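Worksheet for the structure shown next.
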Amino acid sequence: MKLWRVNFPFLYTLGVLFLWILIPAHGQTKPQISWSQEKLDSIARYYQLSKADSLSIQERLYNVSLFLKVTERYQQDSLIYKGLMRKTRLLGQMKQYDSAIVYTAKLFDLAEKNKDTLYLIKALTKLGIYHKRNDQLVKAFHYFNESFKFARFNKDTLVAGRNLLQMSNIQVYLGDYSGAKTTAVDGVKYLEHTKDLRNLSGLYHSISVSNLGQKNYKEALKYNEQALSLGKDSLSIKKIRLYNILIFKNTKALILADQKKYSEAINILKELASNLIVQQNKKEYARVLDNLGHILWLEERENSKSEELLIKALDIRLEIHDILGQIASNIHLTSFHFRQNKKKALYYAEGALLSAKKYNNLPSALEALGFIFELKEETNVEAKEFNRIHKELQEINQSNREMYAVTKYENDKLVNENFTLKAETAKKERQQIIYLFSTLFLLLGVGVVFYLLRQRHKREKIREVYNAEARISKKLHDELANDVYHVMTQVQNHQNSQDVLDKLEYIYNRTRDISRENNSFDIGPNFVQELSAMLSSFGTWDNKIIIKDIHEINWQVITPEKKIIVHRALQELMVNMRKHSQAGLVAITFKKMPKKVMITYADNGIGVSKDDIIYCNGLRNTENRIKTIGGSFIFDTEKGKGFKAKMIFPS
């Protein structure tokens, strides 16, 4: 009862009554109800008890449910808002995310009915948070994006920047480092002139981690230092929280380790491991121990302390049910045992895969499958799983990018309209500059025309080759192959010579193969699908084809002539593989480079000695094709060690 007297003064009761009086001002219809003092005190008491830290969460949840029951009965929307906000928060603390989502959806529906943008933003942000905690990252990204739209419309830079941080973190988690960096950079623009140092430092950290994922260590360190610099003075530390600064230091150690600066990284991690704040947080303590054990092993493969730290970190993560942490521990233990004890390495790799699938962590699942491919002899099932997960991850990242791209375009359009209005006042000044440089532009134009004419001539030559191949294909398929098949039918009807039939059938199949190798294909919007289909068509039960990152290339900006060359060159390699290599696994990887595209081919076939290799017409044709578009073709092979090739050409 002491708690009641302290927390519920009569003034609070008057405040509740005042809220009811104000409700009609928001356009709501309120029933005419005579509220007794006892009823008002009861409602106020329910809400205040739901905030009492001295009660258990279950007790607080019970009280807020009673509060909502009364306010919903009499349709008091302003109080329903408060009740739903409180109830969803308590459900989130209890990790009952499905229920939290249900009640947040009610909050959204009420705000939408009342056209209340403030609570629409709050509801959308909560939906993003609870879906994210519930491992529904695609839905979470959607809700954060919608919340960002409303916040931007309301010119609420703080909420807009915070939503972009959440979206960027999801993209980092899914391995979309390019998309994450773009989103985080936009977020910085919203928060860099605010006092929200905590989320601003989080955006810098996201950019740092994205650069680390892309192996851009200079930029990774630059943004890591920016995140850390915000916490130098005591005031900033309070705003950012010391806990976040320790995470930034952990990331710095990982960046240094990737640069093989192991001693510096180890010193940072040892300092963190001895920090009392870190030790009190078992999740972060296990993370530091795991990273320390792994980097000690990278520095010295025979370090006896390494395995001890890795096992200790895994034990802590098992104790606190940290599934994400268990995945990281299993991956590091797989690396530790990979060369010395393949049985143990496979055990930990399969453990990582199991946890990654359970938690729907697609990037970690792919990493675990990569180890399993090298550790296990029969990997047909894993290969199918790899292809499925890789495709799903690509689709999710592409969907997220397109979703935010549309939102960003809408924002840029508004900004551009404002710029257009301002530009009219400066039109005369720009005209003077245009006159001054017109002569220079004219000279440059002549040079560009000359260059374009040369390129046009080159493209015409490539197209002539392509059209000729298509004509040959049609002629072989429509005339020669059908004529041979007709002869086969005649011989079968009048002569029982199996040998003749077999030979004719062989000729028929050869002509069909030539047709397939030289037929035409779409070099427009469906080029990626046709290229993927062509490569996949060479796969069999005994030969798995893995196509990686083909969608990372912006094929729309690549000319039709280059697409033709790429298609034919890869087709030549695949035909050569089918005829000679006896490969069980083929991997074709596409990588976007600054102003260039690199395609690597690798198989685990029989290979051939470099001294004995025959430089056949196929390889010579492939090299000549790539050279016509200003590219290069390099291959590497060794008997018993498969065949590798690399193509690089300007994008």
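The values are calculated or read from the model by the stated rules, or taken from the named source; none is laboratory data. If you're wondering where the values come from, they're calculated on a predicted model, not measured in any experiment. Glycine also receives a Cβ, built like all others from the backbone with ideal geometry; neighbour counts cover every protein chain displayed. With ligands, DNA and RNA removed, areas are computed over all heavy atoms of the protein, side chains included. Shrake-Rupley method; radii C 1.70, N 1.55, O 1.52, S 1.80 Å.
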Going residue by residue through the stretch 187-197, is there one that turns out to be assigned to a helix (DSSP H, G or I) and open to solvent by 60 Å² or more (accessible area, probe 1.4 Å)?
yes
If we scan the stretch 99-113, do we find a residue that is over 20 Å from residue 140 (Cα atoms) and either among the aromatic types (Phe, Trp, Tyr) or touching a Gly at 6+ places or on another chain (Cβ under 8 Å) (or both)?
no
Tally the residues that are assigned to a loop (DSSP other than H, G, I, E, B) and either hydroxyl-bearing (Ser, Thr, Tyr) or crowded, with 16+ Cβ neighbours inside 10 Å (or both), restricting the search to the stretch 97-133.
1
Taking residue 325 as meeting all but one of (1) open to solvent by less than 60 Å² (accessible area, probe 1.4 Å); (2) free of Cβ contacts under 8 Å to residues at least 40 places away in the same chain, write down the number of the exception.
(2)
Pairs please, first residue from the stretch 354-368 and closer than 18 Å to residue 132 by Cβ, second anywhere and among the acidic types (Asp, Glu), Cβ atoms under 9 Å, 6+ apart in sequence or on different chains.
356/367; 359/135; 360/135; 361/135; 362/392
What helices (runs of 4 or more DSSP H) lie completely within the stretch 481-561 and have 3 or more residues being at negative phi and either among the basic types (Lys, Arg) or at pLDDT below 85 (or both)?
481-494, 498-518
Are any residues in the stretch 56-72 open to solvent by less than 40 Å² (accessible area, probe 1.4 Å) and among the aliphatic types (A, V, I, L, M), and if so, which ones?
61, 64, 68, 70
Given the options 352, 273, 286, name the one that is modelled with pLDDT of 90 or more, surrounded by 19 or more Cβ atoms within 10 Å (Cβ to Cβ) and small (Gly, Ala, Ser).
286
I'd like to verify a number: residues in the stretch 328-345 that are open to solvent by less than 50 Å² (accessible area, probe 1.4 Å) and either without any contact (Cβ under 8 Å) to a residue 24 or more places away in the chain or assigned to a helix (DSSP H, G or I) (or both), how many?
11
I need the full set of residues from the stretch 117-154 which are among the charged types (D, E, K, R) and either within 23 Å of residue 61 (Cβ to Cβ) or touching a residue at least 24 places away in the same chain (Cβ under 8 Å) (or both), in order please.
122, 126, 132, 133, 135, 149, 152
Somewhere in the stretch 224-234, is a residue under 26 Å from residue 319 (Cβ atoms) and at pLDDT below 90?
no
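Residue-wise test of (1) aromatic (Phe, Trp, Tyr); (2) closer than 18 Å to residue 537 by Cα; (3) out of contact with any strand residue (DSSP E or B) (no Cβ under 8 Å at 6 or more places or on another chain).
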{"site": "558", "(1), (2), (3)": "no, no, no"}
{"site": "562", "(1), (2), (3)": "no, no, no"}
{"site": "588", "(1), (2), (3)": "no, yes, no"}
{"site": "600", "(1), (2), (3)": "no, no, no"}
{"site": "624", "(1), (2), (3)": "no, no, yes"}
{"site": "630", "(1), (2), (3)": "no, no, no"}
{"site": "641", "(1), (2), (3)": "no, no, yes"}
{"site": "646", "(1), (2), (3)": "no, no, no"}
Flagged pairs (Cβ under 8 angstrom, 6 or more apart or on separate chains; first in the stretch 594-610, free of Cβ contacts under 8 Å to residues at least 60 places away in the same chain; second part of a loop (DSSP other than H, G, I, E, B) and of a type in the set (Ser, Thr, Tyr)) are 595/651; 596/651; 597/651
It is to be established whether one or more residues within the stretch 78-93 are free of Cβ contacts under 8 Å to residues at least 40 places away in the same chain, touching a helix residue (DSSP H, G or I) at 6+ places or on another chain (Cβ under 7 Å) and either surrounded by fewer than 16 Cβ atoms within 10 Å (Cβ to Cβ) or not in a helix (DSSP H, G or I) (or both).
yes
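Just to confirm my filter: which helices (runs of 4 or more DSSP H) fall fully inside the stretch 227-323 and include at least 3 residues that are within 30 Å of residue 357 (Cβ to Cβ) and in contact with a helix residue (DSSP H, G or I) (Cβ under 9 Å, 6 or more places away or on another chain)? Reasoning before the result, please.
Numbers: elements: 234-240, 242-258, 262-273, 276-280, 282-299, 304-319.
Answer list for the stretch 227-323: 242-258, 282-299, 304-319.
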Scan the stretch 78-98 residue by residue and report those that are among the charged types (D, E, K, R) and more than 17 Å from residue 127 (Cβ to Cβ).
82
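Based on this model, can you work out whether residue 139 counts as touching a His at 6+ places or on another chain (Cβ under 9 Å) and either in a helix (DSSP H, G or I) or modelled with pLDDT under 90 (or both)? Talk me through it step by step, then tell me what you get.
Values: touching a His at 6+ places or on another chain (Cβ under 9 Å): yes; either in a helix (DSSP H, G or I) or modelled with pLDDT under 90 (or both): yes.
So residue 139 fits the description; yes.
If you go through the stretch 170-181, how many residues are assigned to a helix (DSSP H, G or I) and either at pLDDT 90 or above or closer than 18 Å to residue 251 by Cβ (or both)? So that I can check it myself, show each step before the final result.
In the first step, residues of the stretch 170-181 are kept if they are assigned to a helix (DSSP H, G or I); the result is 170-173, 177-181.
Subsequent filtering for residues that are either at pLDDT 90 or above or closer than 18 Å to residue 251 by Cβ (or both) retains 170-173, 177, 180-181.
Residues that pass the stated criteria total 7.
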Conditions first: (1) under 20 Å from residue 277 (Cα atoms); (2) modelled with pLDDT of 90 or more. Residue 242 passes all but one, so which condition is the exception?
(2)
Of the residues 647, 574, 598, which single one is at pLDDT 85 or above and assigned to a helix (DSSP H, G or I)?
574
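Find the residue count for the stretch 152-169, including only residues that are more than 21 Å from residue 100 (Cβ to Cβ), over 15 Å from the mean Cα position of the chain (by Cα) and part of a helix (DSSP H, G or I).
The initial filter retains those residues of the stretch 152-169 that are more than 21 Å from residue 100 (Cβ to Cβ), namely 152-158, 160-161, 164, 168.
Keeping just the survivors that are over 15 Å from the mean Cα position of the chain (by Cα) gives 152-158, 160-161.
From the residues that got through so far, the ones that are part of a helix (DSSP H, G or I) too are 152-153, 157-158, 160-161.
Selection size over the stretch 152-169: 6.
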Residue selected from the stretch 572-599 under the condition closer than 25 Å to residue 377 by Cβ and of a type in the set (S, T, N, Q), by the criterion least open to solvent (accessible area, probe 1.4 Å)
581
